[in-house]
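Notes to accompany the following structure.
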Amino acid sequence: MADALDDLDRQILDLLRDDGRLSSRSIGRRLGVAAGTVGTRVRRLEQTGVIRGYRAVIEPAAVGRPLGFVVGLQIAQGTPLGGILDELVETPEIDEVLVVTGRWDLLVIGRVADPSQLNDLLTKGLWQSPSFRHSETMVVIDDRRASAF
């Protein structure tokens, strides 16, 4: 699909990535094209799965989850990933689960209220899974989001 994107598609995506609430009219004004053209392009990008959705970016501390963490997990060989992934992403404190190569099988990324809640998540949750082998927990001390895709 990346080959099918032209410069206008990429410019529209850049603007929407920075502010998903921009109207077709606003995007059109910024890019010098008709709002109808932008609307048609956005619908096509949504229908083809290039745009997968829109979301609010929420300040973690404002909702009581200021402490970020990353947990590298090793799981037992032969464990089906589907069930583990579903279980992990349904856990309220977990925001993202990545299947990766290298030392870890999974990277679990999330936010909690405080170290005590992180301790409970690890000792009463992740470490209790029958497929758990080993983990390494890292606390996030600063984070920055790249503006690229």
Completion exercise
Filtering segment 10-24 down to residues that are farther than 22 Å from residue 145 by Cβ and surrounded by 13 or more Cβ atoms within 10 Å (Cβ to Cβ) yields 24
Exercise for the section: Test residue 9 against the stated conditions and say whether it is part of a helix (DSSP H, G or I), acidic (Asp, Glu) and at pLDDT below 95. Expected result: no
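Any idea which of 38, 89 is surrounded by 12 or more Cβ atoms within 10 Å (Cβ to Cβ), closer than 30 Å to residue 15 by Cα and not assigned by TED's automatic domain parsing to the domain that holds residue 20? So that I can check it myself, show each step before the final result.
Details: 38 fails: not assigned by TED's automatic domain parsing to the domain that holds residue 20.
It is 89.
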Completion exercise
Filtering strands (runs of 3 or more DSSP E) wholly in segment 64-149 for at least 2 residues that are within 17 Å of the chain's Cα centre (by Cα) gives 67-75, 94-99, 106-112
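The values are calculated or read from the model by the stated rules, or taken from the named source; none is laboratory data. It should be emphasised that the depicted structure is a prediction, and the values quoted were computed from it without experimental measurement. Quick reminder, even Gly has a Cβ in these numbers, built from the backbone with ideal geometry, and neighbours come from all protein chains shown.
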